[in-house]
Amino acid sequence: MVTRQTCSQNDSKTSKNAPALSEGETAIERLLELAQYEVDQDPYRGMLSANSPWSQCQVVDQIDASASSATRKVSAACNCTCPSLVYWTEQHEAEQNKRRKRKRNKAPIEEEVDILGHRPLDKDFQCACDFNPLCLASLGGVMDELLEKIAQKVQEDEDPATIESQSQADSSQEVIALDGAASLELPKPKRAKPSPTIEYSSSDDGSIVEAGKHRASGVFTVELATEHLELNPEKKNAIYSDITAEEMKKVRKTSEIDLKPVQVYVEGTILSQLGENSTLSFQDYMEALRKWHDSLSFSNPLLTTKPAANDKLTIAMPPGIKNLGATCYLNTQFQCLARMTAFLNGLFSWTPTGENHGMNSVLSTMQLLFARMVHGSEALVTTQEFSDALGLENDEMQDPNEFARLLFERMHESFQQCSGEGVSQLLPKLFHGVTTYETSCSTCQNVTERSEGFMDLNLPIVGPSEGHKMETASGGQTKITDTFTDGATGTNVQYCLNEYISAESLDGDNQYFCECCQVKRDALRSVKFTQLPPVLNVQLSRYVFDRKRFIKKKLSDKVLLPKVLTVPMKGKNVDSRYLLCAVMKHRGTSAYQGHYIAEAMDWQSGTWFEFNDELVSVLDGPSNSYVPEELENLDNKKVKGSQDAYNMYYVEEGFLSECSSNFLTARAEMKQTDVIAKVRDERRSRYSMLTEMCFNDGKVASRLLRRRIGLMKKLSYALSSHTGDIIFNQIVLGGGSSQPVWVDGNILRRFFSTDMGTDSCSIVTTSGPLLKHKHLLCSHGTGLHPRVARRGKLLPRPLYDVIVSLMLGERRMLNEEHNVVDTRQID
């Protein structure tokens, strides 16, 4: 034990241990800082005289009538006027006043119930009282909680309305008397019933799950020998270390969605197209869907699972993509392509075609990127490697349509040289269609045909008005006059498509040269689809060239997006039905700048997401969309056309059904390519590591929880065991007749915080006892060093005994975890 004695022997010996000036500027600066502190803040150099400024953190007999509200609150709670606690309370009062003012002027805000201010949570925070050996009120953590409960009790005792209610206190609470006046009610810690240890295992797809249970929300528990203490789920991050919490932010998030829309989509779109011979039931499909999302999600080992709600489905959120500067146009393209299972299957089957092929590095990085977007564990991915391989300027925004065409062309060239199954013609199989232009002479009725293929369908934006008069809108935008309904909705994609394929009169200066007549004649020209692709890549002509100003302009016309697009094909009596699966949008009025986002549907569940670079959110459905059968009764005030949509992916419903059902039900039999196996191994390894980190943090959390409860209970018991002239501040804040003990202030603050472990001080690899700190002594070993006294705290003996008892128990738990025996004494 180190007593209150300070060193008074010859200072010449002490000076020998002081660093010499010749040791460098660092030593000089440190000495100057200490000297300046002693002159400005600590003129008494730790001496405990009656005039010491440290004394204000001790007993204060009377408070001046002019004292502030914060000072009176602090004094009532702990019989002292600790300047740090007073300052924090003043800040808390100021914040409360701001909240009350906002509550009067705006929406109601939940009222604060705390009376005193608290020490800031930053573990590196320091205040002046940290250098006052007599001040314990500024320790924070459990000390804040204890003082707050006492302050609340004092306030209740001063309110006559609470006297009767106090007499009817719940018998489940421990009532601790404080000097025969106030009492502290400390609820007994709630404990869950003992339960056996839960076994966790790694599933085939790499997720760590509890046997036989699905993931769901619940209470967090940490194992304490044979019982569990409940932790507040709203404060679940408190049980994680900073490193674990940071890792948790990096893995995929989950979201609970309504099951009803999923059921409607699966039964109405997927299962209805499979035919009568299909044996796939809705229950089987949903079970496969749940397993797929469970495999992508991290299963928290500290989460007690509950049966999932019957009307909810937990899904793994797709990852966002980091914007490298101006690469939002690239992010939107990739997010839409990542939902296309047929595209993904072909891309993952690609293999390099030769060492010197120019696209090998591009496709390799693209393949790995998409594998991580679909099968990986990350909540955020980056296109940096792909961008570097393709030589993109990250700060330069590309035209998204031109970029997509160029990329697809280069990919197709590379795929044609690949021997992978179904890869050589992947893109034409998905996107290639054929249109035939039929021209009929009005005189001889001769019909000529000219066919051409397309990978994307470029539709002019037109509305149901004659002539489609062009106007110039504010900001230099060009706009078609709104004549569709009330002008709020504009036109729609179905109308634009119908106009695109409708017959066009060729007359006047635009007459057609008839080969049969050998002269120019009036004629009719129409467009017919002679071959339709499974995926219809529809691009609206949002950008037009201004021939007068020689610049591109963006059309601001509102366009509604039908959820179902009907497309007629030559030779077929029934129109093909295409379902809207993705929309790319450009926010902004200029064709040269703005921001790109995407809305895309998960093909397996029908869930829509908005992708805004790093941000991913669930949507009720595609915005600016409508069901064609409801167009006549459409409420134009609720559903308006989009001024930003420029590219849509429509998928033929039979193809969509086949791809979605095969992706889920045949996943176990699908060929596992090297890139998928690599990403799945990464996910398993990451989730396994994170599981171990969570278990270790859970053990630390259990010790910290026990410590907090132990401190609160034992300090309260220590208070209740003293009567007469022993008051609260003599037991906890200093004073009394018992001989005090010096301990390290930093260790004490960490111990009282109960949100930071003291493992580094407690484990057996540390030499020497925990609370006997030799660095507090002078070089003679007989007293305190004058300069380091303020690094310590002077504890009353009862409080010191409480801490020693708790530390012994906590160290015993820690040593059991490390399977070691430690016989060292803390005291």
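If you sort PHE513, PHE751, PHE125 by accessible surface, 1.4 Å probe, largest first, the order is PHE513, PHE125, PHE751.
Shown are LYS98, LYS699, whose ranking by accessible area with a 1.4 Å probe and every protein chain present, most to least, is LYS98, LYS699. Label-to-label distance for ASN498 and MET689 is 5.8 nm, based on points extended 7 Å past Cα in the beta-carbon direction.
Can you compute the FRET efficiency between ASP64 and PHE545 using 1/(1 + (r/R0)^6), with r the Cβ-Cβ distance and R0 = 60 Å? Round to the nearest 0.05. About 0.15, to the nearest 0.05. Less than 5 angstrom separates the built amide H of LEU619 from those of TRP608, PHE609, GLU610, all sequence-distant by 5 or more or on a different chain. Amide H contacts of TYR626: LEU561, LYS563, each under 5 Å away and 5 or more positions distant or on a separate chain (H built 1.01 Å from N in the peptide plane; Pro and chain starts excluded).
Determine the alpha carbon to alpha carbon distance for each of LYS528/LYS553; LYS322/LYS640; LYS253/LYS322; LYS553/LYS585 and list only those over 22 Å. Going by Cα-Cα distance, LYS528/LYS553; LYS322/LYS640 fall outside the 22 Å limit.
Can you sort ASP124, ASP284, ASP144 by solvent-accessible area, 1.4 Å probe, largest first?
Reading off the accessible areas and sorting them downward yields ASP124, ASP284, ASP144.
With one equal scatterer per alpha carbon and no solvent term, the Debye-computed log10 I(q)/I(0) for region 547-636 at 0.17, 0.21, 0.22 1/Å reads -0.93, -1.12, -1.15. Projecting label points 7 angstrom from Cα along Cα→Cβ for LYS101 and ASN662 puts them 6.6 nm apart.
Across region 82-94, rounded Karplus estimates of 3J(HN,Hα) from the backbone phi angles (6.51 cos²θ - 1.76 cosθ + 1.60, θ = phi - 60°) give 3, x, 5, 5, 5, 5, 5, 5, 5, 5, 5, 4, 5 Hz, Gly and Pro being marked x.
Karplus-derived 3J(HN,Hα) values for region 327-341, using 6.51 cos²θ - 1.76 cosθ + 1.60 with θ = phi - 60°, are 9, 5, 4, 6, 4, 5, 4, 5, 5, 6, 5, 5, 8, 8, 5 Hz; glycine and proline are entered as x. Global dimensions of region 243-308 from alpha-carbon coordinates: Rg and Dmax equal 16.1, 53 Å.
Phi-derived couplings, Karplus 6.51 cos²θ - 1.76 cosθ + 1.60 at θ = phi - 60°, listed residue by residue for region 524-541: 10, 10, 9, 10, 10, 8, 9, 8, 10, x, x, 10, 9, 8, 9, 10, 7, 7 Hz, with x used for Gly and Pro. Magnitude of the charge dipole for region 364-462, about its Cα centre and with charges confined to Cβ atoms of Lys, Arg (+1) and Asp, Glu (-1), is about 400 debye. Site pair THR436 and ARG410 shows an inter-label distance of 3.7 nm when each label is modelled 7 Å from Cα along Cα→Cβ. Peptide packing for 540-553, 315-328 was compared via the average number of neighbouring C-beta atoms within 10 Å per residue; ordered from the highest value, the list is 315-328, 540-553. The distance separating the Cα centre of region 364-378 from that of region 115-147 comes to 48 Å.
The values are calculated or read from the model by the stated rules, or taken from the named source; none is laboratory data. Fair warning: this is a prediction, and the values are worked out from it, not measured in the lab. All Cβ positions, even for glycine, are placed from backbone atoms using ideal geometry, and neighbour counts span all protein chains on display. Just so you know, the surface numbers come from the protein's heavy atoms only, side chains and all, with ligands and any DNA or RNA stripped out. Shrake-Rupley method; radii C 1.70, N 1.55, O 1.52, S 1.80 Å.
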